[in-house]
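Engineer: Structure provided below as C-alpha cells; questions to follow.
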Amino acid sequence: MKDIDFSNARRGALISEPGKERITIRLDSTVLAWFRDQVKGGGNYQTLINDVLKAHIGNANDKLERTLRKVIREELRAAH
C-alpha cells in the first residue's frame, strides 16, 4: 500500500446508481422503525421510503392537474 499514490483519490461511494444521490437526512426514530418493520423478511427500507416519496409526488401532481382542469372548466363556463 505504500507504493500507491492516493493524492488524487476521491472519497465517496465506489459505485453509484444513475439517478440516485447519496444524502444525509434526519428522520424520526418512529418513522424509521415503521419503515424497517414493513420490510421484515426482505426488501430495503430506504427503497420503500423512496417509493413512498415518489408516490406522494405523483399524487401531488395529479391533484394539481385536477385543480387546474376544474378552474379551466369553470372559466370556460363563465365565458359562455
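The values are calculated or read from the model by the stated rules, or taken from the named source; none is laboratory data. It should be emphasised that the depicted structure is a prediction, and the values quoted were computed from it without experimental measurement. Here Cβ is always computed from backbone atoms with ideal geometry, including for glycine, and neighbour counts include all displayed protein chains.
Engineer: Which pairs do you get when a residue that is within 27 Å of Asn50 (Cα to Cα), found in region 1-19, comes within reach of a residue that is modelled with pLDDT of 80 or more, reach meaning Cβ atoms under 8 angstrom, with the pair 6+ apart or on two chains?
Structural biologist: Close Cβ pairs (under 8 Å, with a partner that is modelled with pLDDT of 80 or more) amount to Gly12/Arg22; Ala13/Arg22; Ser16/Arg22.
Engineer: Given the criterion modelled with pLDDT under 90, surrounded by 10 or more Cβ atoms within 10 Å (Cβ to Cβ) and of a type outside the set (Ser, Thr, Tyr), identify the matching residue among Gly19, Gly43.
Structural biologist: That would be Gly43, the only listed residue that is modelled with pLDDT under 90, surrounded by 10 or more Cβ atoms within 10 Å (Cβ to Cβ) and of a type outside the set (Ser, Thr, Tyr).
Engineer: Within region 25-35, can one find any residue that is more than 16 Å from the chain's Cα centre (by Cα), modelled with pLDDT of 85 or more and of a type in the set (Phe, Trp, Tyr)?
Structural biologist: Yes, region 25-35 contains a residue that is more than 16 Å from the chain's Cα centre (by Cα), modelled with pLDDT of 85 or more and of a type in the set (Phe, Trp, Tyr).
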